[in-house]
Every structure is written in C-alpha cells, then in structure tokens.
Amino acid sequence: MRYRLIIFALMLLMFSGVCVLDFEVSQSKPDAAVDARMSSIYALAGEFRTVFANLLWIKADHYHHEFIQHNPDWVQNDELVGLVNLIVMLDPQFIEAYANGAYIYADGQEDPEQALAFLTKGIANNPKCRELHQIAAVMYAARLDQPEKALPHAKLAVRYSEDEWYRSRAQRLLSTVEEEVEERQAQHSN
C-alpha cells in the first residue's frame, strides 16, 4: 500500500511538472529565428506528455483487469473514465483510450451521446483512424438508430483500413449501413 502511494505521488509530481512545462512552452513558442536546440526542447516536452499518458494507460489497464476479476462486464467500470480523459488530454493521438472511453460511455453509463462526443474529439485529433470511424458508425447505426449519420463514418472506416482483414469488416459494416439507409428511404417514399 505504501509503495503504491509513493508511486502515485511521484507520478502526480511528474505530471504536475509536465503540465507546468507544457504551459510555459505553449506560452513562449520560439519564432523561426531560434536555433534547432530550442525546438528540441519543445519536442522533448511533448514526449514527456506522451510517456506520461502511456504510464497512465498501463495503470488504467492494470486497474481495469482488477475490476474484471470482480465484475466481468468491463464497461461498468465508470471510474476508468477519469483516467481515459486524462490520457487523451495528455496524448490526443491515443486511439485505444478514445475507443475504450466511448464503450464505457455508451454501455456502462448508457450515454451514447456522450460516447459520440468523446469519439468526435478523438476523430478530430485522429481524422484518418479507421477504428474510431468504425465505432462512430456502429454507435450511430445501432445505438441511436441513425444510419444516415453512420454512413459517412462507415465509408471513412473503409477508406482508412490498411489491413485486408479490417477492410473486409469495415466493408461489411458499410454494406449493412447502406442497406439500412436504403430501407429508410424506401419507407419514406411510400
């Protein structure tokens, strides 16, 4: 217990330092005339944020697996949302955090609108991410019964699929969403 408290205090201290450093960096960005050494310092500050986000993800993953031992329905782990939000604040390109956070919002907290808001933030930070577009398409089509809004995300999931297996899954999703949209249009025209 004492060991965990010390580790937590050190992580909090490191996080505070990174936040102060990041704030100072963002307030005093150099102009183009500053030499390459200064830009290295700014890059290093960003790397600290990414490293800290990864450390938090390891902690969140450990906590998550402890939760699953007592409750196999992992989306009920509402306490994980705070860590996930902190992780994406530190590293806006952390895809897994956006994906897990969206599932927790949608299934655990039964708030698909909040899940979509979280995904929208993730997509804004990672516009070419197949996984986030695919999750958004499923949320719109299955959870909110809005296949018309799911369609653009399903198309983007296919476009950004680099692997053949993921592409085939995204294409099946796109076909399903297109069928739903066509059915809706046929119903409205009758």
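Computed from the coordinates by the stated procedures, all read-outs in this text should not be read as laboratory data. Just so you know, these numbers come straight off a predicted model, no measurement behind them. Cβ sites come from the backbone with ideal geometry, for glycine too, and all protein chains shown count toward neighbours.
Over all directions, average the projected area of the Cα convex hull of the stretch 57-189 and note it in nm². The partial results should precede the final answer.
Details: hull surface 34.2 nm².
Orientation-averaged projected area of the Cα hull: 8.6 nm².
For H65 and Q93, what does the FRET efficiency come to when R0 = 30 Å and r is the distance between their Cβ atoms, rounded to the nearest 0.05?
On the way: r = 24 Å, r/R0 = 0.79.
After rounding to 0.05, the efficiency reads 0.80.
Considering Cα pairs under 8 angstrom that are at least six residues apart, work out the relative contact order of the stretch 61-160 and quote it in whole percent. The partial results should precede the final answer.
Values: 119 pairs, mean separation 19.6, N = 100.
Rounded, it is 20 percent for the stretch 61-160.
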